[in-house]
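One structure is given here, and the rest of the page talks about it.
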Amino acid sequence: MLADVILLAVSFAVILAGALLFTNAVEWLGNKLSLGEGAVGSLLAAVGTAMPESLIPLVAVLEGAPGSDEVATGAIVGAPFLLATVAMFLVGVAAHAYAKRRPQGVGLDVHVPTLRRDLGVFLVFFSFGLALGLGLPDGIKAAGAVVLVGGYVVYVAATLRGGGEMQSEDTLKPLWLHRTPLIFDRTPQDDPPTLLIVAQFVVGLAAMVGGAHLFVEEVVTVAESLGAEVLILSLVLAPLATELPEKANSFFWVREGKDTLALGNITGAMVFQSAIPISFGLLFTEWDLDHFGIVSMALGLAGGAIALIALVRRREFTLPAVVAWAGLYGVFLAMVIAT
């Protein structure tokens, strides 16, 4: 057990180090591509960190082991549910914890159109995925998958067009891999080579993915030793262990007051996870949701609705919203454990 605890600590340290490299590289890459902050957070950061976890359903289906459909479906619906509840909760807690450091306190300095678009599209996509899982014919499910993929393409185009202003170079920290032991006074105006930025992006992402997978292995080992069922692993532990660590990016961005990047990293991943993985589920699994899947998706939609009200309309990390996000996840966790 001591070895597992040590490995968990090591994996978490690797994830945090990767997150520091990744966030720094994403900001510079967005600057090189002349993308608005909204597009950087909702596309570059969100898809980059969400993509690895999206392979879990694919691997489960290809292996074809007993219960693979259950694992795939649980991973597909569990990830956006987690983002809409626990990830939002942690970002809200971080905003309150660093309120004195942040120029805007617990208020929001965010590109509202991008945030509104992300949350609105998520609510539509996730609701659509839920409806398609209520015993509809396979033909309708296949058509629904096409609609979701097409809708995501439209969303990407809209985000690229309306991603807000570029991040000012004055707010960019020097690229980590562009620093040398002999030069400690590099200014944010230094222009690192694009190849070096991409290299740091890949290294940071690889560190987060590697650390997250080590974290998952240790969590699963502990869960199995405690006799946890496949359902708990697929709906609770797998998304919690894979999605949450890689959203450490948002923690660092919130601490620095870069709310557009921090929230875009979460809401953009919510849109991606509610479109592409669900499309895969519609085409390659039964996609016949049981009561756990239905409840988790309903609670995820509630978390998204709360975010829309608190973050877009009130433009603040309100304390009631933070408590509500925690409560939504707590309700589902209690239901699963009690079963």
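Rule-based calculations on the coordinates, nothing more; no lab input. This one's a predicted model, so the numbers in the text were calculated from it and none came from an experiment. Backbone-built Cβ (ideal geometry, glycine too); neighbour counts: all protein chains shown.
Sort the following peptides by mean Cβ neighbour count (other Cβ atoms within 10 Å, averaged over residues), highest first: 145-155, 113-123, 99-109, 258-268. Write out the running numbers ahead of the final one.
Numbers: 145-155: 16.5, 113-123: 22.6, 99-109: 14.3, 258-268: 29.0.
The densest-packed peptide leads the list: 258-268, 113-123, 145-155, 99-109.
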Amide hydrogen neighbours beyond the local backbone of Gly36, cut-off 5 Å, H modeled: Gly163
Whole-Hz couplings from phi, Karplus 6.51/-1.76/1.60, listed for segment 81-88; x for Gly and Pro: 4, 5, 4, 7, 10, 5, 4, 5
Packing-based ranking, highest mean first, of 270-277, 204-211 given that Cβ atoms within 10 Å are counted: 270-277, 204-211
Hz values of 3J(HN,Hα) by residue in segment 22-32 - Karplus curve (6.51, -1.76, 1.60), Gly and Pro given as x: 5, 4, 4, 5, 4, 4, 5, 5, x, 5, 5
